[in-house]
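This report refers to the structure that appears directly beneath it.
Values quoted throughout were computed directly from the atomic coordinates according to the rules given, and no laboratory measurement underlies them. As the structure is a prediction and not an experimental result, all values here were calculated from the model. All Cβ positions, glycine included, derive from the backbone under ideal geometry; neighbour counts span all protein chains shown.
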Amino acid sequence: MEKVTKVNETEKEIKRMADFTSPEDLYQELIAAVKKYHPSSDNSMIEKAYHIAKEAHEGQVRKSGEPYIIHPLCVAIILADLELDKETIVAGILHDVVEDTVMSNEEIRREFGSEVELLVDGVTKLGQLSYSHDKVDEQAENLRKMFLAMAKDIRVILIKLADRLHNMRTLQYMKPEKQKEKARETMDIYAPLAQRLGISKVKIELDDLSLKYLQPDVYYSLVEQISDKKSTREKFIQQIVAEVREHIDNAGIKARVDGRVKHFFSIYKKMVNQDKTLDQIYDLFAVRILVDNVQDCYAALGSIHEMYKPIPGRFKDYIAMPKPNMYQSLHTTLIGPNGTPFEIQIRTYEMHKTAEYGIAAHWKYKESGGSKERNVENRAEAKLTWLRQILEWQKDESDNKEFMSLLKSDLDLFSESVYCFTPTGDVKNLPNGSTPIDFAYSIHSAVGNKMIGARVNGKLVPIDYRIQNGDRIEVLTSQNSKGPSRDWLSIVKSTQARNKINQWFKSEFKQSNILKGKDVISQYCKMKSINHVDIMKPEYQEKVMRKYGFRDWESVLAAIGHGGLREGQVVNRLLEEFEKVNKKNITDDKVLENIIETGKDQKMKLTRSKGGIVVKGIDDVAVRFSRCCNPVPGDEIVGFVTRGRGVSIHRTDCVNVVNMNETERMRMIEAEWQGFAAGSGEKYATEITIYANNRTGLLVDLSRIFTERNIDLTGINSRLSKQGTATISVSFEISGTEELNRIIEKIRQVDSIIDIERAVT
């Protein structure tokens, strides 16, 4: 009980809004939140949106059992907490009405104008997808639409983030598998997006809630450990804050000083990255100093360094060199009383606003007009250069899986960035570990493609040189350059550079890759005796494109040509679709009738394998190996006419064959292996069951036998009885009984083995 109380107390710190049950109370909370930052605002539009949404969602409930209107109201309160304009708040209230109710986009435009309609449409998830149920495809298509909507109006993502935040706050009502899926998506996409937009207020809570559902043991362990030492840490912080405040006041600097414990996810990341326990991480808290202007920031820094000893290499000036999301602050780590390290952040009130709210901090000025508005727009535009990159990828990248990979790696901001200068003095922010190649592509793809070398601080450097903070870089180009090298892909660090290099190769060699892909497919079909013309129908190709996330057939061929896809995958999928449509409709009775009519000596050759099987019967009937006994060449076999599936081949000692009744035995036909050659290379699936006394290293010894003989294991399963006897099922592919007997004999020689038998189910 005490543990639960501690957990609940600590969790309150990451929740910024209470859970409400009454829609009317929520609405009043929303209006109060809006009036805090916009006292003179006319809220009639918000009131109208509330009543329309309440009526539209009437009768709908959430997983928790609460009226559905609770969700859009909570989303609107989060947006009001970010101090956004009333159009955004109205769109937040209405964001689900098009998808979940009968209300249309046209009605929204008629009641609230085109601006609100654009925002609602951008947030609305894709409806009936024509895609396969592949989650990657579905997620990629939703994200593609979201980024396109963001390009029209950045407020779309702000609503989407608020929507995701409230969903994460109420995730406990979802099924466990759904919880993990949503938390993973939040961790991969939405939290980094909030970081990119500089909205740490949302980012921090999304991170912590994702950690709570992805790794609950880690989360609750952190909560408990931090709660246990809460009073000690608070006492330490209060001491530091009091000392700093006194020193700053004595220096004549007007400032606000406060302290805070760092959020759970940042602590967890530090523990993972530094391979430390919680007790080994001392800077779990930070002291923040807020001042009026930039001059006071540096004055406060000097005063603090006079007071405490700074740790070398732990000072960062994000004021002179802002982060890509426009975050500005001075960070310094100091040695406090008793030798305990702690971090101090120094920034202006305006910088703090930007740090907490990011791009949303500037949106309330939207209606003010004039030069201030233009300045805000310029700052917002600078913050969104990365969005243009993503939109370029969308146009260039037809493969959904590749697009998702690029997006996730680009949004991964856990790595520190380095700053460097162009010859004209412009600053470039790049991921830590970047090379001159990354720098060249950050300027323009044409510069990167024509690059032949680079100078760093006036000296020639190799292209794999790791850029250091403050380097001045000059890229050397040549018109005679034949383009980037494939080796560059293993050198570059930034997603932008890697994508542009890949795009160059794809476009440069697309035609040759398409021709190569066609040739490879044709050869594969010949080798497998598949009619190439039969399977190359547009409707079959469409299924393959959906399966692998491509937009056109040429992209599939190009992917096969450059090795991104295996021809076997594609052809087998085409063949599967062909067989679904052209399945032979041969009845069981017809098969049995023809077997009787066929002379005893007449035999049919089937192309099931290179070894071949001979059965009595008619031409053109499907034959398959039964999975209950997995016959291989050398076994005595018998055919059984199955209902609707042709002839299945069993071992004669198969349990299912031995236990057949008289009626079933009428459906049995003679079968034998024909022309089997041990060196043919054909492989057959089989399974054996091994009984052994359990010991350490048993599985290692068994797997070594298969490895030494180049036999691929397709499955292994082990069960242990209370008596210590291990039952191990091993599935693999072999050429015939001779090879199988050799393997079994070898396994019998392993220590602890009791018995081995062929598996029969």
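Residue by residue, what Karplus-based ³J(HN,Hα) values in Hz, rounded to whole numbers, does segment 157-162 have, using 6.51, -1.76 and 1.60 with θ = phi - 60° and x for Gly and Pro?
Computed from phi, the couplings for segment 157-162 are 6, 5, 5, 4, 5, 5 Hz.
Taking R0 as 41 Å, what FRET efficiency do you get between ARG233 and VAL294 from their Cβ-Cβ distance, rounded to the nearest 0.05? Let's see the in-between values first.
Numbers: r = 31 Å, r/R0 = 0.76.
Using R0 = 41 Å, I get an efficiency of 0.85.
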